[in-house]
Structures are given as C-alpha cells and as structure tokens.
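Below: one structure, written as structure tokens.
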Amino acid sequence: MKKIRVAIFASGTGSNVQKIIAYFKEIEKVDIALVVCNNPNASVLTIAEFYGVATLIIEKEKFFKGNGYADELKELGIQIIVLAGFLWKIPDALLKNFPGKIINIHPALLPKYGGKGMYGMAVHEAVIHAGDSYSGITIHLVDEHYDHGKIIFQKVCEVQPGDTPQLLAERIHKLEHKHFPVVIENFIQTIAGNEAV
Ligand code: GRF
C-alpha cells in the first residue's frame, strides 16, 4: 500500500513534532517524510535527525517571494502539511498547491487569542491576564489569515487559580501531545476517504 507522505513545519523546540513522529512510526499507512524548518539552529532539527526524518531548511525570500517551496514539496511527494509551532505565515502559493491539506495547532481556544503576534507565551499571558477560567487547544485548517481557517478540533482545560503562563503552557502542551497525533490521523483518513490525496 502506498503511504501518505506528510511534512511537518516547525520553528522551535519541536515537542509536538517528536510526539507526532513517534506516533506515526507505528502507523503503517502514514509516512512523516519531512521536517521543514526556517531556523537552522532549532532543536526540532535534532529531533528529526534522531528519528531519521529528512529535513529542509527554508529561506525567507524564497518562501514568500517564490512559490513557498511548493515544487520541492511536490517533488518529495508531500501530500499533507502539518504546522506544529511554525511561526511564518503560509504564503498563497503554498495554500494553492495544498488546498485544504494544511493544518495548524494553536495553544488556545480560537477564535480567541489568535492572530499576528499571538504565539508562545504571549497567548498564555493573555488568557491569564483576561481572567479566563478555561483555555485549551485548537486544530484548524490553514487559510490566508493567521489562526483563522475552519476548526476541526478543540479541547478545553481549566485555568487554575494561581496559574502562571508557564504552568498553563505545560498543561496545554500535555493536551497537544495527547490529541494532535490522533487528530492528524483522523484528518488524513477523512481526506484519503474523500479523494485521491
Ligand atoms: C505549541 O504550543 C503549538 O500550539 C504552537 O507552538 C507550540 C509549539 O511547541 N503553535 P513545540 O515546539 O511543539 O514544543
């Protein structure tokens, strides 16, 4: 059976990337074929190397003014793109080449706390500052706006009294690690069931 080839885009630590790669090692029909990164010093590259997953370092000019590396990704047989802590906006060229096939994870309950500048600790700081009792994770399709496409999954967790952004971030990360790989698997299954990927 031909495997579905997935690329994960990430910019930093890569704890989600690690969980996703480890999860799909056990799933025969999916191949995490590539980790794409905009930062040559990011620890996610060490994770990819550890698991023997190919990496691609991308450059800003080519990503935004060229075709968003769509040709390279197609040549590598990539069919689905997963953003896991990737900080650059996805250019139109890439969206056009992968319509409905790019998903992102966001560490809050969109549509709240999304948009430009809302990443990393800034998100958790904003949630705590607003006094919200709940936060959570959102997995959504990527469109031309930051943190905006159709939501495909959300999971809520409590913001506890005395929470710091760090404590909330840890709770959110645990949720991400538990759910993201499974949501990706279901997403791939849905797409594969609807059309030839
Ligand atoms: C995650 O919290 C994710 O929601 C956000 O970026 C973070 C990446 O964390 N988009 P890691 O690099 O996977 O540890």
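Laid out as a table, the results:
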item: Near pairs, Cβ below 6 angstrom, 6+ apart or cross-chain, from segment 36-63 (within 14 Å of A22 (Cα to Cα) and polar (S, T, N, Q)) to any residue that is in a helix (DSSP H, G or I) and open to solvent by 70 Å² or more (accessible area, probe 1.4 Å); result: none
item: Complete set of residues in segment 13-31 that are of a type in the set (V, I, T) and open to solvent by 50 Å² or more (accessible area, probe 1.4 Å); result: T13
item: Set G100, G115: member being outside any strand (DSSP E or B) and either in contact with a Lys or Arg (Cβ under 6 Å, 6 or more places away or on another chain) or within 24 Å of V182 (Cα to Cα) (or both); result: G100
item: Matching option when the condition is part of a helix (DSSP H, G or I) and either out of contact with any Lys or Arg (no Cβ under 6 Å at 6 or more places or on another chain) or crowded, with 16+ Cβ neighbours inside 10 Å (or both), among H140, H129; result: H129
item: Filtered residues of segment 81-111 (kept if open to solvent by 30 Å² or more (accessible area, probe 1.4 Å), touching a residue at least 60 places away in the same chain (Cβ under 8 Å) and among the aliphatic types (A, V, I, L, M)); result: L87
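Here is a yes/no grid of residues against (1) within 12 Å of the chain's Cα centre (by Cα); (2) in a loop (DSSP other than H, G, I, E, B):
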| residue | (1), (2) |
| --- | --- |
| I8 | yes, no |
| T13 | no, yes |
| V17 | yes, no |
| I20 | yes, no |
| F24 | no, no |
| I27 | no, yes |
| D31 | no, no |
| L34 | no, no |
| N39 | no, yes |
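The values are calculated or read from the model by the stated rules, or taken from the named source; none is laboratory data. Note that this is a predicted model, so its numbers are computed, not measured. We place every Cβ from the backbone using ideal geometry, glycine too, and count neighbours over all the protein chains shown. Areas reflect the complete protein model, heavy atoms only, side chains present, ligands, DNA and RNA absent. Shrake-Rupley method; radii C 1.70, N 1.55, O 1.52, S 1.80 Å.
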